[in-house]
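Encoded as C-alpha cells, the structure appears first; notes follow it.
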Amino acid sequence: MSSSDSLDGLNCVVTGGAQGIGYATALTLARRRGAVAILDLDGELARHGAARITAATGARALGIGCDVRAQASVDSAIAQAVRHLGTVHVLVNNAGIMTPRLAPVADMAAGDFEDMLSVHVRGTFLCSRAAIPFMERARYGRIINISSVLGLVGVPFRIGYAAAKTAINGITRSMAVELARKGVTVNAIAPGYILTDTLRTRLQEGKLDYATHAERAPVGRWGLPEEVAHAIAFLALPTSGFITGAVIPVDGGITIRGDAGEDLGPRPTSMDDVQALFDRNP
Ligand code: NAD
C-alpha cells in the first residue's frame, strides 16, 4: 500500500460504528492502518465490533458506549478515545436512526420529528465540538458527516429525517469554512439506499421494496455499506486536504436522475461481483 493510501498514525472515531455503514467504515479505516474508536449507543456491540476489527486487521480498535444526543456521554467518550489512542484526527459522524413511522406532515408526531434532529443534528454538533480542539492541536482533522439523498431531494412522509440531513449539509459547509485554515476539512457523504442489516430487515418485513428503490438509481441497484465506507476513507486521507465543504452523493445516481423514466436496460441481478471487489481487495 502506498503512503497516499494510508491512514497510518491517524486516530479515527466512528459514531454508530457497531453495525451497518459505521462498522464497514471502521473496518475500512483499520484496513488502511488507522486506529479506530467505535462510539455507539450499544456499547456491547461496539466492543464486539472493535475486537473483530483488531482480529481481522491487527489495528488498534476500541468500542465505547456513547449516546451522541447527550453532552456528558459524548465528552466522556471522546476523552476515553483520546486516553487510549492519544488524540483524534478523523471523526465520522455516522450515528443515525431511520424514520420510525412514515407519516404525512399533518400526522407526524412532534416527538418523532425531534428525535431525528436530536440524534443526527445535535449528535453531529456535540461530537464535532468535542473532537475539534484535538484536531486543531494536531493541525490535522477530517470530519466526515453522514447525510443522505433525502437531504438533497424531496421525499414524502419523512420530514424529520429530511430536516436533519439537510441541516447536516449546512453544518458541513459552515464548519468547513470555519476550520479550513486550521488543517481541518469537513465534508459530507450522502448515501442512497444501502443494504445494511437494518434495511435488510425492513425489506424482509415488507416495509421497503428493493426493486422500487433499485429502479430509481440509474445503476439499477442498492449500494453496499463498503461502497460508502470506501468514499469516507478516501476523504480521511492526508491527500484529500483540498476537498472541503462538499456534500458527495454515493447513491448510484439517484440525485442526478433527470429522465422521465425511460427504459435504461435491465438491472443487475446480483451484487456478488461488487462484494467480491471489497473481499478480494480491502
Ligand atoms: P444502522 O441502523 O445499521 O446503524 C446505526 C448505528 O447507530 C447503530 O449501531 C445504532 O446503535 C447507532 N446509534 C443510533 N442512535 C445512536 C445514538 N443516539 N448514539 C450513538 N449511536 C447511535 O444504520 P445505517 O444504515 O448504517 O446508517 C448509518 C448512517 O447512514 C445514518 O446516519 C443513516 O441516516 C445514514 N444513511 C443510511 C442509509 C441506508 O440506506 N442505510 C442511506 C442514507 C443515509
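Once the other residues with Cβ under 15 Å from the Cβ of ILE144 are scored (Lys, Arg +1; Asp, Glu -1), what is the net sum? So the environment of ILE144 carries a net charge of +3. Using only side-chain charges placed at the Cβ, +1 for Lys and Arg and -1 for Asp and Glu, the dipole size of the range 60-152 relative to its Cα centre rounds to 540 debye. Placing +1 on the Cβ of every Lys and Arg and -1 on the Cβ of every Asp and Glu, with nothing else charged, gives the range 3-254 a dipole about its Cα centre of roughly 660 debye.
Here's the picture: charge each Lys and Arg Cβ at +1 and each Asp and Glu Cβ at -1 in the range 179-282, and of GLY252, ALA229, ALA211 the one pushed furthest to the positive end of that dipole is ALA229.
Two tests apply to each whole DSSP H helix in the chain, Cα reach of 18 Å or more along its axis and mean Kyte-Doolittle hydropathy of at least 0.0, and the ones passing both are 71-85, 123-138, 159-179. Amide H contacts of LEU10: ALA35, each under 5 Å away and 5 or more positions distant or on a separate chain (H built 1.01 Å from N in the peptide plane; Pro and chain starts excluded). Only Lys, Arg, Asp and Glu carry charge here, each on its Cβ (+1 for the first two, -1 for the last two); on that basis the range 200-266 has a dipole of about 240 debye about its Cα centre. Using the Karplus relation 6.51 cos²θ - 1.76 cosθ + 1.60 with θ = phi - 60°, the per-residue 3J(HN,Hα) values for the range 245-257 come to x, 8, 10, 9, x, 10, 9, x, x, 3, 7, 9, 6 Hz, with x marking Gly and Pro.
The residue list MET135, PHE113, ASN145 was ranked by how far each Cα lies along the charge dipole of the range 108-158 toward its positive end, using unit charges on Cβ atoms, and MET135 comes out on top. When the helices of the chain are scored as -39500 (n - 2.57) per DSSP H run of n ≥ 4 and the total is divided over every residue, the value at 222 nm lands at -13500 deg cm²/dmol. Taking a sphere under 12 Å around the Cβ of ILE21 and counting the other residues whose Cβ falls inside, with K and R at +1 and D and E at -1, yields a net charge of -3.
By the Stokes-Einstein formula, at 1.567 mPa s and 4 °C, the chain with its Kirkwood radius over alpha-carbon pairs has D equal to 68 µm²/s.
Taking the average, over residues, of other Cβ atoms within 10 Å as the packing measure, peptides 4-14, 258-268 rank 4-14, 258-268 from highest down. Net length available on complete extension from VAL153 to GLU205 is 16.1 nm, with 0.36 nm assigned per residue and the Cα-Cα distance removed. When the Debye formula is applied to the Cα atoms of the range 14-85, each taken as the same point scatterer, what base-10 log of I(q)/I(0) results at q = 0.14 Å⁻¹? Here log10 of I(q) over I(0) equals -0.34.
How much net charge surrounds PRO266 when only the other residues with a Cβ under 13 Å from the Cβ of PRO266 are counted, with Lys and Arg +1 and Asp and Glu -1? After counting each charged neighbour, the total is 0. Protection proxy ranking of 152-164, 85-97, by the mean of other Cβ atoms within 10 Å over each peptide's residues and highest first, is 85-97, 152-164. Global dimensions of the range 29-137 from alpha-carbon coordinates: Rg and Dmax equal 15.7, 51 Å. Label-to-label distance, LEU264 versus PHE242, with points set 7 angstrom from Cα along the beta-carbon direction: 3.0 nm.
Each Cα pair under 8 Å and six or more residues apart adds its separation to the average, and for the range 3-254 the resulting relative contact order is 19 percent.
Each value in this text was obtained by applying a stated rule to the coordinates, not by laboratory testing. Everything numeric in this text was worked out from a predicted model, so none of it was measured. As a convention, Cβ positions derive from the backbone with ideal geometry for all residues, glycine included, and neighbour counts pool all protein chains shown.
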